[in-house]
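Right, one structure below, let's go through it.
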Amino acid sequence: MTEYQTITAEEVVLRDGTIKLHGPEGFAGMRKAGRLAAEILDEIAPLVQPGVTTAAIDDAVRQMTLDGGAVPATLGYRGYEHSSCISINHVVCHGIPSEKTLKEGDIVNIDVTPLLDGWHGDSSRMYLVGDVALKARRLVDVTHECLMIGIEQARPGARLGDIGAAIQTYAEQNRYGVVREFCGHGVGRLFHDAPEVVHAARPGTGPVLRPGMFFTIEPMINLGKSPVKLLADGWTAVTRDKSLSAQFEHSIGITEDGCEIFTLSPKGLHKPPY
Ligand code: MF3
Ligand code: CO
Ligand code: CO
């Protein structure tokens, strides 16, 4: 049975497996953190060019996060030492920023999580480096559609599995693989909380969505098969078949009649080209 826990302004929040139900203070906190995440993703768009190192992009993310009065939640998280994850081509997620340079034709996911006044704004988008092949651009477009189709299911009374079901159906209609090894998550005062938001599921399964639930939806969609493997660094996840992978992520909150997207781009830079 799913347990829910109503959260008020000042209490200590534990990762105890309950699904938290937030009130107006929570919405206000997530709105600010989410907006900062979206502004960072807007501002780095012009930086994503051939020849730029992913470490330089990570530096810019860290600076913008600090300038916004936040700290990168990933810095020091389980030993992770960077302010973003930057995942190129067949890297599915958790790519580690480095001196490696972007090259023409790459597709890149940049994932940021500013922690602002105790709230986590978690979001990622895809970026295109110069001219990108049609096949890759199509994967990026369909992955964004997967995220938005998932978000359309998010309203009180629906089940969590309805989100994954909609995403899986759409991705598989396009003959893409949906990654199973990583999922979305409850978010708020905690970076990663219950529930697990899987991106492939059966409709009508999982917890009932209730107003005040905050979670991410962050489908990872592969041009080839779905299986993933972890590299020796312990973080970088890549497609087993080396096919391209794309991902978009929003943090959302369930409202009385639907949901609020906390991480929408203020500049309308929802998907590339930007
Ligand atoms: N931002 C990622 C997510 O969407 C988590 C990154 S954790 C890190 O959940 F340690 F890899 F940075
Ligand atoms: Co996330
Ligand atoms: Co993220």
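The values are calculated or read from the model by the stated rules, or taken from the named source; none is laboratory data. What you see is a predicted model, and the numbers here were worked out from it, not measured in a lab. Note that we place each Cβ from the backbone using ideal geometry, even for glycine, and neighbour counts take in every protein chain shown. For accessibility, only protein heavy atoms count, side chains too; no ligands or nucleic acids. Shrake-Rupley method; radii C 1.70, N 1.55, O 1.52, S 1.80 Å.
For the residues Thr18, Thr74, the requirement of being open to solvent by less than 30 Å² (accessible area, probe 1.4 Å) and within 19 Å of the chain's Cα centre (by Cα) singles out Thr74. Within the range 174-192, residues that are on the phi > 0 side of the Ramachandran plot sit with their Cβ atoms under 6 Å from residues that are within 16 Å of ligand 3 (Cβ to nearest atom), at 6+ positions apart or across chains, in these pairs: Gly188/Phe214. The residue list Ala232, Ala246 contains one member that is modelled with pLDDT of 95 or more and surrounded by 15 or more Cβ atoms within 10 Å (Cβ to Cβ), which is Ala246.
For the residues Ile107, Ile96, the requirement of being open to solvent by less than 10 Å² (accessible area, probe 1.4 Å) and not aromatic (Phe, Trp, Tyr) singles out Ile107.
Which residue out of Val142, Val129, Val112 is more than 13 Å from ligand 3 (Cβ to nearest atom), touching a residue at least 12 places away in the same chain (Cβ under 8 Å) and under 30 Å from Val71 (Cα atoms)? Step by step, each of Val142, Val129, Val112 is checked, and only Val129 is more than 13 Å from ligand 3 (Cβ to nearest atom), touching a residue at least 12 places away in the same chain (Cβ under 8 Å) and under 30 Å from Val71 (Cα atoms). Residue pairs whose Cβ atoms lie under 7 Å apart, sitting 6 or more positions apart in sequence or on different chains, and linking a residue in the range 193-219 that is free of Cβ contacts under 8 Å to residues at least 40 places away in the same chain to a partner that is open to solvent by 20 Å² or more (accessible area, probe 1.4 Å), are Glu196/Cys183; Val197/Cys183; Val198/Cys183; Ala200/Gln168; Ala200/Arg180. Scanning the range 209-238 for residues that are on the phi < 0 side of the Ramachandran plot, assigned to a loop (DSSP other than H, G, I, E, B) and more than 16 Å from ligand 3 (Cβ to nearest atom) returns Leu209, Arg210, Pro211, Met213, Leu223, Gly224, Lys225, Ser226, Pro227, Leu231, Ala232, Asp233.
Among the residues making up the range 249-259, a single one is among the polar types (S, T, N, Q) and either closer than 12 Å to Cys146 by Cβ or open to solvent by 10 Å² or more (accessible area, probe 1.4 Å) (or both): Thr255.
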